[in-house]
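First the structure, in the form of structure tokens, and then the observations on it.
The values are calculated or read from the model by the stated rules, or taken from the named source; none is laboratory data. Since the model is a prediction, treat every value here as computed from it, not as a measurement. Positions of Cβ are generated from backbone atoms using ideal geometry, with glycine treated the same way; all protein chains shown enter the neighbour counts.
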Amino acid sequence: MGCKRLIFNSGYLEAMHRPNLKMDFDGIESIVEDGIVTKKNGEHIPFDVMIFATGYAADTYPVPIYGSDGKSIQEFFEEDGAKAYLGTSVPNFPNFFLLWGPNTVTGHTSAIFTSECQTNYSLQLAAPILDGRIKSIDVKRKVFDEYNEKIQSRFEGSVMTQCTSWYRAGKVGLAFASGGGSSGPILMTTLPLDRKAPLFKTSVQLH
């Protein structure tokens, strides 16, 4: 198990041992007219039908959103892995709030709960922007770094730092999906707040 999803099918593992099935982990170098050529051994394997089930690319962000430093959110994620403060705020991306962002997957409770906490949190931060009190709000880099160091420390010695899965991704193999803990801290951190002044940079609205 670890960072693999549970298979709720009693025949799945049995099917892996059928004489007419071959598991090949070499990867695909190219697709040719009648099949594939494997990446590792250059073996040509013919097929009548090919079905693509490539899994998740959960650390990618295809929407081209750019921050105050000119980098896209995808470029930011590629530098050191997909990270966010509370899975929601990213430094140099003012007034930008993610839902179901990095390290918000629980594996043991509803995704709706986390999304509701993040929505409540984002609306609280957005309120002074919408009513004209401030122009922008942006998480401080120091706060962002400390939070993510704490998140990653939860995975030390666990399967999350070693397995091959969509739970780990990017150039550094960062454990970016799971939060590594209970949902309680998510709720407590996103309860009514006072704009979290020590955590965020704000700019005053000019009238």
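List of remarks:
- Where a residue in the range 104-115 is closer than 10 Å to SER178 by Cα and its partner, wherever it lies, is modelled with pLDDT of 75 or more and part of a helix (DSSP H, G or I), with Cβ under 6 Å and at least six apart: THR104/THR114
- Set side by side, the residues ILE7, ILE51, ILE31, ILE36 differ, and just one is of a type outside the set (D, E, K, R), over 29 Å from THR161 (Cα atoms) and at pLDDT below 90, which is ILE51.
- For the range 49-85, the set of residues classified as in contact with a helix residue (DSSP H, G or I) (Cβ under 6 Å, 6 or more places away or on another chain) and in the same structural domain as THR104 (by TED's automatic domain parsing) consists of LYS83, TYR85, listed by residue number.
Here's the yes/no breakdown for (1) in the same structural domain as THR88 (by TED's automatic domain parsing); (2) modelled with pLDDT of 75 or more; (3) at positive phi; (4) of a type outside the set (Val, Ile, Thr):
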site	(1), (2), (3), (4)
SER110	yes, yes, no, yes
ARG141	yes, yes, no, yes
THR161	yes, no, no, no
ARG168	yes, no, no, yes
SER183	yes, no, no, yes
